[in-house]
Amino acid sequence: MRGVLEQLPHMSGQIVDGTRHEKVLSYMRLFLASDAAVEQLMSWNALRTLAECLQPQSDMRVTATAVRFLGDAFRARNGKVLWTAVHTTQIVEWVVDNADSSHALVRVAWLHFMCQASYINDHAYVQLLDRVDYPRLLLRRLLDSSYFVVASACMLLGRLFHVNTIDPKLSALIEQLVARPFALQTSARKAAVLATAETLLLLKNKDVQVFVHRVFAQPVLEPYLYDMDRLVRDRALDVLELVVLDVDAMGVRELVAALARRVDGCVVLRCLAAVVKQLPWNRCIEGGEARRLGLMIANMGVSLLLSIHPAVDGSDVDTIQMQITSSGVDTTEAPITSSDVDSIQTPITSSDVDSIQTQVAKAAQQSPSASSMIACEAARIVREHSQTTFSAHTASSMCLLLSNPRVQQHTQLVQLVLSTLLQTLRLAHNRTHVQMVPRLICTFAIRAPGLRGVFDLALELLGSCNAEFVQGLEHAIRTRIVDVEWEARDTVLEFVTRAVREHAWPCVELLVTQQVVDDAVRALSDAEEYVRASAAYLLAAVVERGDEERARYVSEHKHLTQSDLARLVADSEAFVKRAALDLVHALGTRGVGMWIECLTYRTLYDLADDPDFEVRVRCARILALLTQTSPVNTSELQSTSLLLEMCRDSSRYVRAECLRSLRELKQNTPDVDMTSEPEPKRVYVGERTDLWKLRNVDLAQLEASLSAEHLYQEALDTQVARELMRETSDANAGNNILDCY
């Protein structure tokens, strides 16, 4: 650490890659975790070294690194000692003089320094704040053109409000920031206003909350929600979510009433989604009332969806409705309409609901694109509500929408509707509704991303479901495993693999039938390499965790011959080779199949030299298995010799696998006389020679080479004076040993 610190002022200005300075800072921060870090820094006269980084001719990246490290050092144990010592140096004067630096990196570092020093907050810190006229300075930083500077300014602002809850100077600053008429505000000022509001709302201080709700009242926030700039609108929605956490029921009523007066349907629905999302966590509204409010808004979203995409006539809809009814889900819960609103004790009136729904419905009729956007926003409202509340009406409505051919043409809407349905089903009070899951899998309109969500739910339910569900699931995956979309085929295979590995075999025995195995074996010849890899992983999982009958069925399959395995192992794609080697290893571990016949010395040699380190890891695993289980083939394939050679592999992960394998081998092999030379061959060629080499491997030295920190520290200890942070005459082409960190 001392070497890094002393070389910091001399980091070359020719370094192009700015991440090198972050690597240096990251390493130096690790040092601060030590209890004696501050004492060591003082003994090294670190302040003098850091002051050298603050010279006018210094690289600004080096300066910023030094200032940020010094700020972090104030938070270390006994950091106040370092803070006191800083005031005896020229560092304080540099802080005052560079408060308005023209370099964004230095401005960020300066704000970080002051933010960390605020944890000390003594008289010297207050004086330093006064010297830089901190209210005006913070205003300039909040209006800065750099997002990183604004973010750092918000952190400092939050710290100052935390230290001194209602600072008159800062309060005046914020009121001044908000006071300018909205029409005259620049984009930078709008971003500063919203960033400030979000920072103060996150403090969760009661006095600060009162101040924020007074300054950022609903009429003040409203124009930001409808700004032309999407980034401003999104930031305003983040603020609205925080505001909803601390408003009472009447505040929600006023917000909804204000939204009812707007004509921008998409923005109105986004605001309602933010309200629904935060209502369950509101600290001022009783839980039952919050649920009723959320349910009312969510049902309005459902009504909008069904008005834009009305249910189609046909047996498909009837079948879905029958499934929901027969599943035991309570469907007596009817949608809430405007006529029912007055009977619910909420501050939202029927006129508000009618007005919003009418305005949005008109907007949806303007064009197909507007209709699609509004449908997606309405679906987001329902999705937010489904995160915490089960509604049978929502479940049935989402099923109807998924069966609608018009909905199936819009991928984004299908995803939103599907995620809503899946979350709703998760919250149901019984498990009989899961019979819908196989039907969802068979819906070809649900593409691979949505299919993964359905399979996630199926995986959660698999261990507690009856045989009828598992058999239905088996039929569904056999239907989708021949999908024309390769991502869907791949997703199906990945699901079955996860099911086999995460559940006990009796739970999945009916799922992994011989027909499913047949489909997986056929998938080994798929044109898409990802499907081939997933099929191999599935078969490996079945061999490892399946019963004897199913494992033997895989190993003796007529389309999984020695040549088929050899072709997979020699695949051009590394991830297919990984999966193939896992399958070969599973067959060898289980002791079934002709797994050795697919291996030759040339094949193993090529695998041991493969560019992909994960392939080499698996190769080392198979070499160890060969050495343990087949002495004849060990000699012919020279597996032990290759394993010993791989102990010098460039990847520490490969060496770690070699170490694990060699330890097992040394425990399981007989002692060999180390004093005598190996005898000539008797039974197996080279067997005694290999064992003699094996017993002489220095496992301690091999283990020491596995630690990344060990390698890094070795580089620091031996080369810091000569090569640390140096560059050649060519920019960014030096011998920077921190690259290994």
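The values are calculated or read from the model by the stated rules, or taken from the named source; none is laboratory data. Here the structure is a predicted model, which is why all the values come from computation and not from measurement. Don't worry about glycine lacking a Cβ; one is built from the backbone with ideal geometry, like all the others, and counts go over all protein chains shown. Note: accessible area is taken over every heavy atom of the protein model, side chains too, but ligands, DNA and RNA are not part of it. Shrake-Rupley method; radii C 1.70, N 1.55, O 1.52, S 1.80 Å.
Scanning the range 382-409 for residues that are open to solvent by 10 Å² or more (accessible area, probe 1.4 Å), hydroxyl-bearing (Ser, Thr, Tyr) and farther than 10 Å from Gln423 by Cα yields Ser396, Ser403. Criterion applied to Glu487, Glu509, Glu502 was being surrounded by fewer than 19 Cβ atoms within 10 Å (Cβ to Cβ), under 16 Å from Ala533 (Cα atoms) and touching a residue at least 12 places away in the same chain (Cβ under 8 Å), and the one residue passing it is Glu487. For the range 247-278, a residue qualifies if it is open to solvent by 40 Å² or more (accessible area, probe 1.4 Å) and over 27 Å from the mean Cα position of the chain (by Cα), and the qualifying residues are Asp248, Met250, Arg253, Glu254, Arg261, Arg262, Val263, Asp264.
Here Ala188 meets each of (1) surrounded by fewer than 19 Cβ atoms within 10 Å (Cβ to Cβ); (2) within 15 Å of Asp238 (Cα to Cα); (3) in contact with a Leu (Cβ under 7 Å, 6 or more places away or on another chain) with one exception, condition (2). Any residue in the range 105-115 that is in a loop (DSSP other than H, G, I, E, B), open to solvent by 10 Å² or more (accessible area, probe 1.4 Å) and either touching a Cys at 6+ places or on another chain (Cβ under 7 Å) or of a type outside the set (Asp, Glu) (or both)? Taking every residue of the range 105-115 in turn, none turns out to be in a loop (DSSP other than H, G, I, E, B), open to solvent by 10 Å² or more (accessible area, probe 1.4 Å) and either touching a Cys at 6+ places or on another chain (Cβ under 7 Å) or of a type outside the set (Asp, Glu) (or both).
Can you say whether Glu198 is surrounded by fewer than 19 Cβ atoms within 10 Å (Cβ to Cβ), assigned to a helix (DSSP H, G or I) and not basic (Lys, Arg), as far as the supplied structure shows? It is false that Glu198 is surrounded by fewer than 19 Cβ atoms within 10 Å (Cβ to Cβ), assigned to a helix (DSSP H, G or I) and not basic (Lys, Arg). For first residues located in the range 160-178 and open to solvent by 10 Å² or more (accessible area, probe 1.4 Å), partners that are among the β-branched types (Val, Ile, Thr) and lie 6+ apart or on another chain with Cβ distances below 8 Å form the pairs Thr165/Val208; Ile166/Val208; Glu175/Val215; Val178/Val193; Val178/Val215; Val178/Val220. Selection over the range 201-219 of residues that are in a helix (DSSP H, G or I), touching a residue at least 12 places away in the same chain (Cβ under 8 Å) and among the aliphatic types (A, V, I, L, M) gives a count of 5. Can you work out which of the residues in the range 201-246 that are acidic (Asp, Glu) and open to solvent by 20 Å² or more (accessible area, probe 1.4 Å) is farthest from Val276 (Cα to Cα)? Filtering the range 201-246 for residues that are acidic (Asp, Glu) and open to solvent by 20 Å² or more (accessible area, probe 1.4 Å), the one farthest from Val276 (Cα to Cα) comes out as Asp207.
Quick one: would you say Ala488 is closer than 30 Å to Gln409 by Cβ and not in a helix (DSSP H, G or I)?
Values: closer than 30 Å to Gln409 by Cβ: yes; not in a helix (DSSP H, G or I): no.
Spelling it out, it is not the case that Ala488 is closer than 30 Å to Gln409 by Cβ and not in a helix (DSSP H, G or I).
From the list Leu129, Leu82, Leu143, Leu139, the lone residue that is in contact with a helix residue (DSSP H, G or I) (Cβ under 7 Å, 6 or more places away or on another chain), open to solvent by less than 20 Å² (accessible area, probe 1.4 Å) and not basic (Lys, Arg) is Leu82. Yes or no: Ala574 within 37 Å of the chain's Cα centre (by Cα), hydrophobic (A, V, I, L, M, F, W, C) and closer than 21 Å to Leu665 by Cα? Taking the combined requirement at face value, the residue does not satisfy it.
Every listed requirement among (1) more than 27 Å from Tyr605 (Cα to Cα); (2) in a helix (DSSP H, G or I) is met by Lys558 save one, (2). When Gly251 is tested against the conditions (1) out of contact with any helix residue (DSSP H, G or I) (no Cβ under 7 Å at 6 or more places or on another chain); (2) farther than 18 Å from Val276 by Cβ, the lone failure is (2).
For the range 220-271, give me each residue that is free of Cβ contacts under 8 Å to residues at least 60 places away in the same chain and in a loop (DSSP other than H, G, I, E, B). Even if it seems obvious, please write down each step before you answer.
As a first pass, look at the range 220-271 and keep what is free of Cβ contacts under 8 Å to residues at least 60 places away in the same chain: 220-248, 251, 254-255, 258, 267, 271.
Listed by number, the residues that qualify are Tyr226, Asp227, Met228, Asp229, Leu245, Asp246, Val247, Asp248.
Quick check on my filter: what residues within the range 279-307 are without any contact (Cβ under 8 Å) to a residue 40 or more places away in the chain, open to solvent by less than 20 Å² (accessible area, probe 1.4 Å) and in a helix (DSSP H, G or I)? Walk me through it before giving the result.
At the first step, the residues of the range 279-307 found to be without any contact (Cβ under 8 Å) to a residue 40 or more places away in the chain are 279, 281-288, 290.
Filter again for open to solvent by less than 20 Å² (accessible area, probe 1.4 Å), leaving 279, 282, 285, 288, 290.
Matches in the range 279-307: Leu279, Gly288, Ala290.
Looking across the range 580-619, the residues that are more than 37 Å from the chain's Cα centre (by Cα) and open to solvent by 50 Å² or more (accessible area, probe 1.4 Å) come down to Gly591, Met594, Glu597, Thr600, Tyr601, Arg602, Tyr605. If you go through the range 554-571 and keep only what is more than 21 Å from Val654 (Cβ to Cβ) and open to solvent by 70 Å² or more (accessible area, probe 1.4 Å), you end up with Glu556, Lys558, His559, Gln562, Ser563, Arg567.
Can you name the number of the only condition in (1) part of a helix (DSSP H, G or I); (2) surrounded by fewer than 20 Cβ atoms within 10 Å (Cβ to Cβ); (3) of a type outside the set (A, V, I, L, M, F, W, C) that Asn121 fails? All conditions are met except number (1).
The set of residues from the range 650-670 being open to solvent by 20 Å² or more (accessible area, probe 1.4 Å) and at pLDDT below 85 comprises Ser650, Arg652, Arg663, Glu664, Lys666, Gln667, Asn668, Thr669, Pro670.
Scanning the range 274-289 for residues that are closer than 16 Å to Leu221 by Cβ and not polar (S, T, N, Q) yields Ala274, Val275.
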